[in-house]
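**Student:** This is the structure, below, for whatever I ask next.
The values are calculated or read from the model by the stated rules, or taken from the named source; none is laboratory data. Quick caveat: nothing in here was measured; it's all calculated off a predicted structure. Counting neighbours? That spans all protein chains shown, and the Cβs are built from the backbone with ideal geometry, glycine included. What goes into the accessible areas is simple: the full protein's heavy atoms, side chains included, and nothing from ligands, DNA or RNA. Shrake-Rupley method; radii C 1.70, N 1.55, O 1.52, S 1.80 Å.
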Number of protein chains: 2
Amino acid sequence: MDATWFGFAAATLTTVSFLPQVWRTLRTRDTKSISLWMYALFTLGVLCWLVYGIYLQDLPMMLANGATGIMASLVLGLKIKHG
Amino acid sequence: MDATWFGFAAATLTTVSFLPQVWRTLRTRDTKSISLWMYALFTLGVLCWLVYGIYLQDLPMMLANGATGIMASLVLGLKIKHG
């Protein structure tokens with residue numbers, strides 16, 4: 001098996017993983033056990049990955065971090081709103 | 001400014017971001033608003049990044065994903081335990 005598939009699986013899993021969190025948070029509006037600092041730092045970090053991906057002109061980095069950035073921002077916004 | 005710094009900032013931020021979540025969850029044992037599926041898929045994804053980093057013999061990938069993997073597993077374990 002080509003090891004590159006681990007890279008594709010990794011990128012897909014870490015990106016897609018935020019979907020169930022977004023869905024749960026939108027549905028319940030419950031953000032009590034979620035750390036504000038985690039989502040603040042993580043969203044900023046993903047934004048840096050996106051900038052770095054644009055600099056490298058790397059499409060998978062741009063797509064994965066663009067999608068993750070949108071989802072992490074949503075959870076961050078809901079955390080700020082609902083506390 | 002060298003754009004590589006965006007890469008370092010990105011790796012540091014997305015790794016370090018899990019610390020406040022681990023700390024909060026260990027302290028409160030409250031995992032109600034955290035998605036089990038998010039942490040299951042994310043931990044598996046980080047494990048794939050780690051394997052891919054080992055394959056590429058890339059030390060930053062190994063270190064960042066090793067650290068993130070430990071923290072994400074901790075949150076996942078606490079979620080499974082406390083529901």
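Yes/no matrix, rows are residues, columns are (1) within 24 Å of A:Gly7 (Cα to Cα); (2) more than 12 Å from the chain's Cα centre (by Cα):
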{"residue": "B:Thr28", "(1), (2)": "no, yes"}
{"residue": "B:Thr43", "(1), (2)": "yes, no"}
{"residue": "B:Leu47", "(1), (2)": "yes, no"}
{"residue": "B:Leu59", "(1), (2)": "yes, yes"}
{"residue": "B:Leu63", "(1), (2)": "yes, no"}
{"residue": "B:Ile70", "(1), (2)": "yes, no"}
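**Student:** While we're looking at this one, here's another question. Please work out which residue is farthest from B:Trp23 (Cα to Cα), limiting yourself to segment A:29-39 and to residues that are more than 7 Å from chain B (Cβ to nearest Cβ) and open to solvent by 40 Å² or more (accessible area, probe 1.4 Å).
**Tutor:** If we filter segment A:29-39 for residues that are more than 7 Å from chain B (Cβ to nearest Cβ), which is where we start, we get A:29, A:36, A:39.
Next, only the ones that are open to solvent by 40 Å² or more (accessible area, probe 1.4 Å) stay: A:29, A:36.
On the way: A:Arg29: 22, A:Leu36: 12 Å.
Ranking the qualifying residues of segment A:29-39, first place goes to A:Arg29.
**Student:** Can you find even one residue in segment B:50-64 that is on the phi > 0 side of the Ramachandran plot and either open to solvent by 30 Å² or more (accessible area, probe 1.4 Å) or not β-branched (Val, Ile, Thr) (or both)?
**Tutor:** Just the residues of segment B:50-64 that are on the phi > 0 side of the Ramachandran plot, to begin with: B:57.
From what's left, either open to solvent by 30 Å² or more (accessible area, probe 1.4 Å) or not β-branched (Val, Ile, Thr) (or both): B:57.
Looking for residues that are on the phi > 0 side of the Ramachandran plot and either open to solvent by 30 Å² or more (accessible area, probe 1.4 Å) or not β-branched (Val, Ile, Thr) (or both), one finds at least one in segment B:50-64, hence yes.
**Student:** Might you let me know whether segment B:68-76 holds any residue that is open to solvent by less than 20 Å² (accessible area, probe 1.4 Å), assigned to a helix (DSSP H, G or I) and modelled with pLDDT under 95? If you could, list the steps in order and put the result at the bottom.
**Tutor:** In the first step, residues of segment B:68-76 are kept if they are open to solvent by less than 20 Å² (accessible area, probe 1.4 Å); the result is B:68-69, B:72, B:75.
From what is left, the residues that are assigned to a helix (DSSP H, G or I) are B:68-69, B:72, B:75.
Pick out the ones that are also modelled with pLDDT under 95 and you get none.
The answer is no, given that none of the residues of segment B:68-76 is open to solvent by less than 20 Å² (accessible area, probe 1.4 Å), assigned to a helix (DSSP H, G or I) and modelled with pLDDT under 95.
**Student:** May I ask you to verify whether A:Val46 is closer than 19 Å to B:Leu13 by Cα, surrounded by fewer than 19 Cβ atoms within 10 Å (Cβ to Cβ) and facing chain B (nearest Cβ under 9 Å)? Spell out the reasoning first.
**Tutor:** Working: closer than 19 Å to B:Leu13 by Cα: yes; surrounded by fewer than 19 Cβ atoms within 10 Å (Cβ to Cβ): no; facing chain B (nearest Cβ under 9 Å): yes.
It is false that A:Val46 is closer than 19 Å to B:Leu13 by Cα, surrounded by fewer than 19 Cβ atoms within 10 Å (Cβ to Cβ) and facing chain B (nearest Cβ under 9 Å).
**Student:** All but one of (1) over 18 Å from A:Thr12 (Cα atoms); (2) at pLDDT 95 or above hold for B:Gly7; state the number of the condition that does not hold.
**Tutor:** B:Gly7 satisfies every listed condition except (2).
**Student:** Right, here's the next one. When segment A:1-24 is examined, which residues are found to be assigned to a helix (DSSP H, G or I) and at the interface with chain B (Cβ under 7 Å from one of its Cβ atoms)? Quick ask: steps written out before the conclusion?
**Tutor:** Taking segment A:1-24 and keeping what is assigned to a helix (DSSP H, G or I), we get A:4-16, A:18-24.
Hits for segment A:1-24 are A:Phe6, A:Gly7, A:Ala9, A:Ala10, A:Leu13, A:Thr14, A:Val16, A:Phe18, A:Pro20, A:Gln21, A:Arg24.
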